1. Sort the range 3-239 into rounded, prolate or oblate with this rule: let a ≥ b ≥ c be the square roots of the eigenvalues of the Cα gyration tensor; rounded if a/c is under 1.5, and if a/c is not under 1.5, prolate when a/b is larger than b/c, oblate otherwise.
2. Taking a threshold of 21 Å on the Cα-Cα distance, which of the pairs Lys190/Lys239; Lys190/Lys226; Lys92/Lys218 fall above it?
3. If you count the DSSP beta bridges with both ends in the range 3-239, what percent of them are antiparallel, to the nearest 5?
4. Using a ≥ b ≥ c from the Cα gyration tensor of the range 71-204 (square roots of the eigenvalues), is it rounded, prolate or oblate, where a/c under 1.5 gives rounded and otherwise the larger of a/b and b/c decides, a/b for prolate?
5. Given only helices, namely DSSP H runs of n ≥ 4 each adding -39500 (n - 2.57), what is the per-residue ellipticity at 222 nm of the chain, to the nearest 500 deg cm²/dmol?
6. In percent, how large is the relative contact order of the chain, given Cα pairs closer than 8 Å and 6 or more residues apart?
7. Beyond 30 Å between alpha-carbons counts as too far, so tell me which of Lys153/Lys234; Lys6/Lys232; Lys68/Lys174; Lys45/Lys232 fall in that bin.
8. Express the relative contact order of the range 92-185 as a whole percentage, based on alpha carbon pairs under 8 Å and six or more residues apart in sequence.
Amino acid sequence: MSIREKLDISAYLVVGPENTAGRPVVTIINDALEAGFTCVQIRSKVASARELIELTRQASEVIAQAGKSDDVALLVDDRLDVILAARKQGIKVDGIHVGQSDIPVEVCREYLGEDSIVGLSARTYELFEYIQTADVTQVDYFGAGPLHETQTKPDCGLDRDGKMVTRSFADISKLAELSPIPVVVGGGVKLVDIPPLAQTGVHGFFVVTAVSEADNPKLAATDLVKAWKLSKHKETTEKW
Ligand SMILES: Cc1ncc(COP(=O)(O)OP(=O)(O)O)c(N)n1
Ligand SMILES: Cc1ncsc1CCOP(=O)(O)O
Ligand SMILES: [Mg+2]
């Protein structure tokens, strides 16, 4: 089974060198892997292409060292060029995450191939209509949010009138119900948000700050994974 078919976005780390309070990105990724995170995305708005390729190499190696190359997907935000260059150097990169104004998903699919993962950020305005009508034939999951305003992405959730729209748990439940593909929610997600988020029916959460800027990233990541699993377990047992 390809990693695309196995994709697990339940605990998804997004990280770049500008988010780690000076610590190496690869150390944060290692902590998250040990804690049970299931998906990793390299995202940097400041790193050069060469730096991104190197970060991707290190991330791929640390996933391999943990014996998780077939289970934990490694994606890069925005940079199709970086992924293609990394692959050319023999680095295992599993896919891309793009937003509404990035390279179109069809182009990503064409260049990356059928076994790769293509994630897409949902549009902010008229979100519910969009999620039901968007062409998702080339898309593996929607990224949605923000749950809360966040410094990591100040333009996140800006509506057409420039106003910030955060999503309530009721909105997110509706999103999970209407979306034809899995949804992962991020933007200001903290430990306290995990139990209600798990109950909405989305497939997972993504975080930058809650792990990569924590005093103890491994402990923070472990608590997030535990909270998600416990909430999901409770949901299953309560059904019976
Ligand atoms: C999992 C996930 N969801 C959403 C985003 C945001 O992507 P995008 O809209 O392209 O914005 P930037 O991250 O490029 O600023 C994401 N990266 N990951
Ligand atoms: C919504 C979003 N998309 C990419 S990064 C990001 C913000 C993540 O927020 P936080 O740093 O609070 O986890
Ligand atoms: Mg983008």
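Rule-based calculations on the coordinates, nothing more; no lab input. Since the structure is predicted, the reported quantities are computational estimates derived from the model, not experimental observations.
1. On the way: a/c = 1.40, a/b = 1.14, b/c = 1.22.
Taking the square roots of the gyration eigenvalues as a ≥ b ≥ c, the range 3-239 is rounded.
2. Values: Lys190/Lys239 26 Å; Lys190/Lys226 13 Å; Lys92/Lys218 24 Å.
As for pairs spanning more than 21 Å Cα to Cα, those are Lys190/Lys239; Lys92/Lys218.
3. Working: 1 of 28 bridges.
DSSP beta bridges in the range 3-239 are roughly 5 percent antiparallel.
4. Numbers: a/c = 1.70, a/b = 1.64, b/c = 1.04.
Note, shape of the range 71-204 comes out prolate.
5. On the way: 10 runs with 98 residues, N = 240.
So the calculated ellipticity at 222 nm is -12000 deg cm²/dmol.
6. Numbers: 452 pairs, mean separation 49.9, N = 240.
Once divided by the residue count of the chain, the mean separation gives 21 percent.
7. Working: Lys153/Lys234 32 Å; Lys6/Lys232 19 Å; Lys68/Lys174 33 Å; Lys45/Lys232 34 Å.
Beyond 30 Å: Lys153/Lys234; Lys68/Lys174; Lys45/Lys232.
8. Values: 129 pairs, mean separation 24.7, N = 94.
The normalised contact order for the range 92-185 reaches 26 percent.
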